[in-house]
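Engineer: Please read through the structure below; I'll follow up with questions.
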Amino acid sequence: MRNQWVLLLGFIFIFSNCKQDQGNLDASFLHHFTNKVLEISMEDIYSPPVASRVFVYPNLVCYEVMLNAQGKSIMNQLDTSWNKGLTLDTTHLNYSIAALQAYCVVAKKLVFSEFMVDSMMTELKIKISKYPTKVQKKSLDFGDVVGTKMIDWIKKDNYAYVKSASQYTMPQTDSTWIITPPNFDKALEPNWKSLRFILLDSLRQFYPPRPPVFSTNKQSEFYNEALKVYQEGIKQDEEHHSIAKFWDCNPNEYFTSGHNTYFTHRLSPAGHWLNIAKERCLEGKLDFYNSSKVYASIGIAIFDGIISCWNAKFTEQLVRPITYINRNIDLKWTPFIQTPPFPEYTSGHSVISGASSTVLIHYFGDASFTDSTEVQFGIEARTFNSLTEAAEQASISRFYGGIHYLFGLSEGLKQGRSIGKHSVDKLELLSK
């Protein structure tokens with residue numbers, strides 16, 4: 001009788017191990033892949049708009065595969081031809097493995113440093129080596145198929161046109177943007193508004209109100225808004241400078257020393273908020289499915305938010321503070337941080353922060369947290385009472401840095417929050 005019990009317990013142990021081997025991976029490897037793609041974004045020196053594209057598609061396909069496990073799909077609602085060619089046998093299929101493989105397939109197509117994605121794929125194969133061979137093969141094959149399908153859809157997002165269309169011609173008026181020091185770079189992604197958005201209904205949706213009427217009259221609203229930026233700059237407030245540096249998020253900062261030129265690569269605003277999302281998922285101990293949903297949701301909100309923001313920027317074409325102040329207030333004034341090469345209104349960082357914080361509040365609530373994103377760059381972590389406070393600080397940091405008027409920040413936050421709420425609501429609807 002005792003031998004029968006030992007035999008029975010042995011069968012139970014073997015069965016439970018098989019079940020565990022075929023169960024979803026925990027979310028740690030997805031977070032690891034997030035770190036890797038963030039590294040790639042710095043290695044390849046992606047601008048904020050391009051980085052948003054690199055971040056959104058791998059996370060969207062990852063979440064799509066995890067939805068497939070429930071018999072659901074977002075992509076078949078975004079692309080009517082999506083289901084063609086996806087009639088695969090799902091026996092022995094592990095969806096988390098397939099999701100990570102699809103993630104890698106898509107990421108590799110979007111980046112320059114393909115070898116870094118190859119190493120991610122190798123790491124995945126090592127990670128799943130204890131799973132039954134048939135599970136490994138079925139899952140990786142499914143990820144390849146869905147990833148390739150996603151690439152076909154990505155090819156239709158108008159990116160080729162965006163990168164090849166005629167470049168921006170600066171209007172010769174006092175109110176419009178011109179190239180700015182220290183780099184005097186040409187306009188960054190002036191055609192980005194032509195990129196296909198994912199969940200927005202139109203480019204006019206959430207378009208901000210017109211900025212104050214341009215004027216050089218010292219009694220005008222516009223002059224006084226520029227004067228506020230100037231006065232903030234000459235105060236040299238140490239805490240404000242600390243905030244400006246923490247949220248600078250310049251992916252390619254430029255320095256000169258003598259005859260030498262140096263560049264410092266850091267995370268873009270989108271990368272900073274994606275890392276905050278990762279930290280929230282880790283602290284909340286979210287499983288693979290829910291982590292993939294958070295990443296997809298924030299990725300879409302940032303991606304659509306930047307398209308909406310760039311549409312406003314290159315429609316309004318508003319002059320930057322440095323140009324206005326040098327012309328009308330103080331010829332020698334310079335901002336604390338470098339002015340990026342695109343028009344002022346609305347603030348991209350404010351749109352991204354408003355959208356991202358709104359998404360994260362939806363999933364985690366508006367609780368206090370510590371943001372350690374910039375520690376890797378030698379900047380101390382900052383603790384916030386809420387995600388709302390973090391977004392507002394990220395926004396005002398551009399005023400402290402001298403690169404935005406206050407109205408560009410407040411309207412950018414509103415724009416971003418509206419886009420974030422729309423993205424969350426629509427994603428929830430499409431996920432049912």
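Only the coordinates and a few stated rules stand behind these numbers; no lab work does. Quick caveat: nothing in here was measured; it's all calculated off a predicted structure. Cβ atoms come from the backbone with ideal geometry, glycine included; neighbour counts cover every protein chain shown.
Engineer: What are the trypsin sites (Lys or Arg not before Pro) within the stretch 23-108 that DSSP puts in a loop, where the Cβ has at most 12 other Cβ atoms within 10 Å?
Structural biologist: Numbers: sites: LYS36, ARG53, LYS72, LYS84, LYS108; in loops: LYS72, LYS84.
Here the trypsin sites (Lys or Arg not before Pro) that fit, given the DSSP loop and packing criteria, are LYS84.
Engineer: Could you pull out the pairs from LYS36/LYS421; LYS163/LYS186; LYS84/LYS155; LYS155/LYS193; LYS156/LYS414 whose alpha carbons sit more than 20 Å apart here? Please list the in-between numbers first.
Structural biologist: Values: LYS36/LYS421 28 Å; LYS163/LYS186 14 Å; LYS84/LYS155 17 Å; LYS155/LYS193 16 Å; LYS156/LYS414 30 Å.
LYS36/LYS421; LYS156/LYS414, as the Cα separations exceed 20 Å there.
Engineer: Using R₀ = 45 Å, calculate the FRET efficiency as 1/(1 + (r/R₀)^6) where r is the Cβ-Cβ separation of ASP79 and LYS218; round to 0.05. List each step's numbers first, then the result.
Structural biologist: On the way: r = 55 Å, r/R0 = 1.22.
So the FRET efficiency works out to roughly 0.25.
Engineer: If you don't mind, another one. Out of PHE55, LEU100, LEU140, whose Cα points farthest toward the positive end of the dipole of the stretch 14-157 (charges: +1 Lys, Arg; -1 Asp, Glu; placed on Cβ)?
Structural biologist: LEU140
Engineer: Between (i) 22.4; (ii) 21.2; (iii) 23.0, which entry matches Kirkwood radius over Cα pairs in Å as derived from the coordinates of this structure?
Structural biologist: After the calculation, the listed value that fits is (iii).
Engineer: Another question, then. When Lys and Arg each count +1 and Asp and Glu each count -1, what net charge do the other residues less than 9 Å away from ASP157, Cβ to Cβ, add up to? Please list the in-between numbers first.
Structural biologist: Details: positive: ARG53, LYS155, LYS156, ARG196; negative: none.
So the surrounding residues net to +4.
Engineer: Return the FRET efficiency for the residue pair ASN385, SER242: r is the Cβ-Cβ distance, R0 is 22 Å, and the value is rounded to the nearest 0.05.
Structural biologist: Numbers: r = 17 Å, r/R0 = 0.79.
For R0 = 22 Å, the calculated efficiency reads 0.80.
Engineer: Rounded to the nearest 500, what is the chain's calculated 222 nm mean residue ellipticity when only DSSP H runs of at least 4 contribute -39500 (n - 2.57) each, over all residues?
Structural biologist: Values: 16 runs with 252 residues, N = 432.
Per the formula, -19500 deg cm²/dmol.
Engineer: When Lys and Arg each count +1 and Asp and Glu each count -1, what net charge do the other residues less than 13 Å away from GLU316, Cβ to Cβ, add up to? It would help to have the intermediate numbers written out before the result.
Structural biologist: Values: positive: LYS193, ARG210, LYS313, ARG320; negative: GLU344, GLU411.
Computed value for this residue: +2.
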